[in-house]
Structures are given as structure tokens and as C-alpha cells.
1. Which pairs have Cβ atoms under 8 Å, sit 6 or more apart or on different chains, and link a residue in region 68-83 that is more than 16 Å from ligand 1 (Cβ to nearest atom) to one that is among the basic types (K, R) and open to solvent by 40 Å² or more (accessible area, probe 1.4 Å)?
2. When residues of region 92-119 are filtered for being without any contact (Cβ under 8 Å) to a residue 60 or more places away in the chain and farther than 26 Å from R233 by Cβ, how many remain?
3. Look at V240 and say whether it is on the phi < 0 side of the Ramachandran plot and in a loop (DSSP other than H, G, I, E, B).
4. Out of curiosity, is R19 at pLDDT below 90, away from ligand 2 (no atom under 16 Å from the Cβ) and assigned to a loop (DSSP other than H, G, I, E, B)?
5. Output the number of the condition that H164 fails; it satisfies all remaining conditions of (1) open to solvent by less than 30 Å² (accessible area, probe 1.4 Å); (2) under 22 Å from the mean Cα position of the chain (by Cα).
6. If L241 meets every condition in (1) open to solvent by 50 Å² or more (accessible area, probe 1.4 Å); (2) within 16 Å of ligand 2 (Cβ to nearest atom) apart from one, which number is that one?
7. What number of residues in region 97-115 are closer than 20 Å to G135 by Cβ and more than 16 Å from ligand 1 (Cβ to nearest atom)?
8. Of all residues in region 96-143 being touching a Leu at 6+ places or on another chain (Cβ under 8 Å) and closer than 20 Å to L86 by Cα, which is nearest to ligand 2 (Cβ to nearest atom)?
Amino acid sequence: MASGSTSSGVAEARRGGVRGWLRHGRGLLGEISDAIVSVFFPAGCRICDGLLTSASRIPICAECLASFERVRGILCEVCGRPLPGLTRKEGEAQLCPACQNKTYAFEKARSFALYEGAVVRAILLLKFEQIEPLGGWFAERLAELANAEGDSLAADVVVPVPLHRQRERERGYNQAAMLSKPLAKRLRLPHKAVLLMRTRARPDKQMLSLEERWESVRGAFATRPGSQVDNLRVLLVDDVLTTGATLDACARTLRDAGARSVVALTAARAIRNPLPGTREW
Ligand SMILES: [Zn+2]
Ligand SMILES: [Zn+2]
């Protein structure tokens, strides 16, 4: 490209030296960062296709990110399942039917957003396209959640729900670790990516029935030989909480290995899933 045809901002800034840069700083930097965004994400927002106007490296626009529906309202104190229609009663534990039956081996689980609409698309981007800045964004939200919950989510180490070695080799990464690693950094806790391992792969079948889901994870995890778990408070991290079966299986393994407590955080939570021991939904 001939020098005469460069954008006027750039040309002027060049002519004006440092002062020109300063005078032009804002507009020019803005221009440059927007140009970089359009180079990396020429297709626009990966959810609505709208223009990406900020210099964030997340390929989702601010409006779509803001549209993610938070998990809120009255939640099951243990698994964090929304309990619509319930009114809070002073001094009484609010538990979903599964937790009344003490289904889960984890002490507490919380999730950032409901697994529906734009959130499903975002999780798929994380899962299949390894978009790390998006993992970082979700991790920030989970850190906020952990801080808001305070002591009840306190932990000594952060551990991602592992993929089977074969699956991780095929994919090249573990999407849960894309959340747990930046989360551990934000919470200033050690990240133990290899403390847990999945010893039996998930069946290849896409849709598993409720029974198959529980069956497929039962005994499917182990702690790595030689790893120190004794007396640790573990924070497990996964992308989606669906039935809670996976987190439960991981928590059981950790408790059997001597962990003092296991709590869990997930980016999203599926709500239209039947719960074990109930005929709801
Ligand atoms: Zn969008
Ligand atoms: Zn519950």
C-alpha cells in the first residue's frame, strides 16, 4: 500500500511524532484495537453475528454476554438447583428432593448461569473451539460467585473435572481446566490439574438416559497415585452441571482418598433435567 493511502490518523500521528501520538492517542489506539478485533474475529459475535466493537478477545458481544441468565432466586442449599415457587422459611434448610435424600457426596455446588439460549452456544465454543479468553471470562464470574458465597465455598486447591486421557488427547485440552486454571489464579489457590483422573471413558453415545449417566460415571474416577489429598478442601470445577452425577462421582473419589470437603463450581447449570430419585420434569 502506498504511504499516501494510509489512514489519516496514522499518517498524522507519524508526522507529529510523540506529541502527535499523544494528541491522537485515544482515537488511534481505538482504531488499532478495533482493527485487531476484526482481524481475529472477522465473523462478528459468534452468537448473534453482531459487530464486535470492543477490543476484548472474547468472540461474543457485550449484549450477548449480558443476556446470560444468572442462576438466582431461592436455590437448594446443597446443589444450587433453583427452587421456584418456594418461599424462604427462617431457620429451615431449603433442599431439593435429591438433596433431601442426600444424593450427592459434595457439600455444595453453585453455577453461574442457566444452561439455555446463548449460554449453550458459549459453552460449546469453550468446549470445542478452545477459546481461552472465554474461559477466563467465565472464571471471573465464578470467582465473584465464590467470593460472594464466602466460607461455604472455601477450599485449599482447585481441581478440574478430568476427561479420560484418550478423550483429552483427541481434543487436545480439557475444557474444565480452561475454567479452573484462571479461577485458581483469581482465588490465589493452587491448581491441581492432575490430582484426579478419569479411568473409564464416557460412552460414545450422545444422549444418555438418567440411569446411564449415573452408571457411566460410577467408579470412573481415581486420584493419581502419590497425590496428596488427605485433609484437603477441594474446589471442583466443570463446565456444566447436568444431573450432578459427574461431580458426585468425583467428590466420592476425593472423599475416599481423604479429602476433608468437596465443593463445586460450574459455569452453567442445566435445569430441565430430571433429578435422581424423583419423577419431576
Ligand atoms: Zn452477540
Ligand atoms: Zn439439591
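1. Hits for this filter: I74/R88; P82/R72.
2. Taking region 92-119 first, the residues without any contact (Cβ under 8 Å) to a residue 60 or more places away in the chain are 92-95, 99-100, 102, 117.
Now drop any that are not farther than 26 Å from R233 by Cβ, which leaves 92, 117.
Residues that pass the stated criteria total 2.
3. When the stated conditions are applied, V240 does not pass them.
4. Against the criterion (at pLDDT below 90, away from ligand 2 (no atom under 16 Å from the Cβ) and assigned to a loop (DSSP other than H, G, I, E, B)), R19 does not qualify.
5. Result: H164 passes all but (1).
6. (1)
7. Step one: list which residues in region 97-115 are closer than 20 Å to G135 by Cβ, which gives 109-115.
Narrowing further to those that are more than 16 Å from ligand 1 (Cβ to nearest atom): 109-112, 114-115.
Qualifying residue count for the region: 6.
8. Restricting to residues being touching a Leu at 6+ places or on another chain (Cβ under 8 Å) and closer than 20 Å to L86 by Cα, the top hit is C96.
The values are calculated or read from the model by the stated rules, or taken from the named source; none is laboratory data. Because the structure is a prediction, the values reported are computed rather than measured. We place every Cβ from the backbone using ideal geometry, glycine too, and count neighbours over all the protein chains shown. Quick note on the areas: whole protein, heavy atoms, side chains included, nothing else; ligands and nucleic acids left out. Shrake-Rupley method; radii C 1.70, N 1.55, O 1.52, S 1.80 Å.
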